[in-house]
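Take a look at the structure below.
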């Protein structure tokens, strides 16, 4: 299979992620969509790594996963904090930084 | 010690007094601030005597000692020292200034006794005397200007001493503004002289002037006229006199100080000091003589009808200074300065006695409220009468010799101008005698007022606490006059200086009796040795004629006052009724205040209003408003981006990244 298919799939996954981040209001879903975006990127990295026949892309994908794990920790922590302070689980209600 | 060292002592003493009192006002108990201040001025006087003796021990041609503390301003072509000049003229002036000021200080100790601003008063008073001494001792035009401006500032402080009194603060501002006009004149004159001669010290300017300027040279005449502007502003000459009667808002000893010892005599001193320039520019000297004569006539007419006791004396000061200006402008320096001295004696005395009377009627100054005080306050009465006699040039008093000396010299100048001026001077002398005794008869003779009867019983009348000019109620806290009034008959420290001054007003003329003694003129001679007019003295017969005419004129004025106020009381009211317009004209002081109001004050106010309403609100605030509006609009735009919505930020991020990706795609393609 040509790498084009893989890259196209990764673009589709990335765009789904972007759409979710921009449109959903539930922070949990936003976080999930962020993961989708990252994994879309990972897929592209691995495809290109395979195309070139080197391991660089794979290593980079692994690092992205580590970063994603960290990000999930922070994001979930935020959501738990919101929940414990009995705030609405809604990203739009957290707009106190409005200028 | 050298004369120069004594000169510095003269300056240091009141300066030290001022600083001590100003710093120690919290801890100085009772009346000690007053005594300290008086002591400082006494120190000045003693040092002046020292300077006199040191100067007299020098040979005549060396009697001009300069002493410099340090270089004040030294650059290419300019060389100004912080230096003083001790010569007969300045020593004469410091003797008069410090001597009379000392007596006024002693008088003030009791007079201001109950005032809450006691120490402040004496600090100002010392500063005033210091400024005047600096002005007189200054050895160059720069230091002269410094002293000149200091005197103006000190007069402002003292005139508005009762600073919660609206009328007093306004009078202070008026005095200051008019004095600044004089300062500007002096500064311009200094520039003109410097541009011509390249020097700023007296000796240098006078030496270079004959080579630098032709006789009646335009620049020199302009410089001399500017000097005259300075002299007129300080000495209350037409048309810059309006501040002086208003200055009566200050405490009475301050009036005495301004009018007798310091300040107003500065103009006379200035002309005498710069006499080599005026002799080179006789046109300017003529202007001085004419203005002096016009002033003496104008002020004498106004003094005839005023009803405020202190204002009458103030106008008499303007008038007498007119004589002095006439004298020194007619190059009769000895006579002009002689009158300066005798005037200092009798004018200080008149003010002190007036202060005593004003105290007796509880701070009121109107002679309508006074009368019949001669038994209630015999001492005040006698001293006031002596002062009035001397002012009226009654034969053998001090004022008699000095005033007639001026007029005799003026007559002697010849031509058509000067004899005319002398005749006007005699008319003025007649009016002077009349209004001097109008005061005596109105205040001390006639029916006793209730306050006089209270005093005769041995009590002290209590004045109401109110502004005598407007009747506004006042308290007696700091910023207003104190609760108690003091009269000379019951206060020894007021009596003693008045006694001394009365003595001097009677016999002070002994230093310059024509044909008999010319001590003063001889003493001053070294200063004026270069003058071409030093030899032009009236003949013996002219002197004697002058004395006789002057004496007769004075006596006639006194007799007329006696006739009108004692023999036929009420006849003056009939005269006023017959000539209401003339009376009103004189009472409004020839409408000078109104004229200035129309010509200067109102246009200035209108200009200010245009500036405030047109330029300030239209242009300045418009510019400011426009600028802030632009910033505000920009900020508003930037603010809307900060919506606070996470999704909006994410969208912006995506758009930005997409745009960048698109850009690079297009560029690489």
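Here are a few things to note about the model shown:
- For the pair region B:362-390 / region B:473-528, the C-alpha centres are spaced 16 Å from each other.
- In region B:3-587, the DSSP beta bridges split such that about 100 percent are antiparallel, to the nearest 5.
- Cα-based shape type of region A:3-87, given that a ≥ b ≥ c are square roots of the gyration tensor eigenvalues and the cut on a/c is 1.5: oblate
- Hypothetical label at residue A:28: residues of region A:44-81 whose amide nitrogen lies under 15 Å (7 Å Cα-Cβ projection): A:75-81
- On a per residue basis, the convex hull of the C-alpha atoms belonging to the protein assembly as shown measures out at 297 Å³.
- Isotropically averaged projected area of region B:287-393, using the convex hull of Cα atoms (one quarter of hull area), nm²: 6.5
- Within region B:127-222, the proportion of C-alpha pairs whose separation exceeds 24 Å stands at 35%.
- Note on B:663, B:565, B:649, B:323: ascending count of other Cβ atoms within 10 Å places them as B:663, B:649, B:565, B:323, the fewest first.
- Across region A:1-22, the residues whose backbone nitrogen lies under 16 Å from the label position 7 Å along the beta-carbon direction of residue B:652 are A:22.
- Near-label residues of region B:48-90 by backbone N, under 13 Å of a point 7 Å along Cα→Cβ of residue B:517: none
- Here the ratio of the Cα radius of gyration of region B:495-647 to 2.2 N^0.38 Å is 2.42.
- Working from the Cα coordinates of region B:337-428, the gyration tensor eigenvalues give, after taking √(5λ), semi-axes of 33, 13, 10 Å in decreasing order.
- Estimated FRET transfer efficiency when R0 is 45 angstrom, pair residue B:577-residue B:211 (beta carbons, to 0.05): 0.10
- Fraction of alpha-carbon pairs over 16 Å apart in region B:392-476 - percent: 71
- Distance from the Cα centroid of region B:604-658 to that of region A:69-88 is 39 Å (rounded to whole angstrom).
- For chain B: relative contact order, % (alpha-carbon pairs under 8 angstrom, 6 or more apart): 13
- Degrees, to the nearest 10: A:3-23 long Cα axis against longest axis of chain A: 10
- In chain A, Cα pairs under 8 Å separated by at least six residues give a relative contact order of 28 percent.
- FRET efficiency for the pair residue B:533 and residue B:5, taken as 1/(1 + (r/R0)^6) with r the Cβ-Cβ distance and R0 = 30 Å, rounds to 0.35.
- Among B:108, B:32, B:319, B:101, the ranking by other beta carbons within 10 Å of each residue's beta carbon, starting with the fewest, stands as B:32, B:319, B:108, B:101.
- Exposure proxy ranking, count of Cβ atoms within 10 Å, fewest first, for B:120, B:63: B:120, B:63
- Between residue B:16 and residue B:619, the simple label model (points 7 Å from Cα in the Cβ direction) yields a spacing of 5.5 nm.
- Whether region A:28-77 is rounded, prolate or oblate, judged on the alpha carbon gyration tensor where a/c under 1.5 counts as rounded: oblate
- Two-site FRET efficiency, residue B:542 against residue B:510, from Cβ-Cβ distance with R₀ of 22 Å, rounded to 0.05: 0.55
- Against chain B, whose longest principal axis is taken from its Cα atoms, helix B:3-24 shows a tilt of about 60°.
- Relative contact order for region B:402-545, counting Cα pairs under 8 Å that sit 6 or more residues apart, in percent: 22
- Euclidean distance of C-alpha centroids, region B:410-439 and region B:51-119, integer Å: 32
- With contributions of -39500 (n - 2.57) from each DSSP H run of at least four residues, the per-residue ellipticity at 222 nm computed over chain B stands at -22500 deg cm²/dmol.
- Rounded tilt (10° steps) of B:32-56 against the dominant C-alpha axis of chain B: 70
- Distance between modelled label sites at residue B:556 and residue B:602, nm, 7 Å Cα→Cβ extension: 4.2
- Gyration tensor (alpha-carbon) shape descriptor, region B:3-587, a/c threshold 1.5: oblate
- Here the extension length gained between residue B:203 and residue B:68 equals 47.2 nm, from 0.36 nm per residue of separation less the Cα-Cα distance.
- Multiplying each eigenvalue of the alpha-carbon gyration tensor of region B:593-668 by 5 and taking the square root yields semi-axes of 61, 15, 4 Å, largest first, rounded to whole angstroms.
- Directionally averaged projected area (convex hull, Cα atoms, region B:102-174), nm²: 5.3
A short reminder: the numbers here are calculations on the coordinates, not readings from a lab. Every value quoted in this text rests on a predicted model; they were computed, and no experiment measured them. Neighbour counts run over all protein chains shown; Cβ positions are idealised from the backbone, glycine included.
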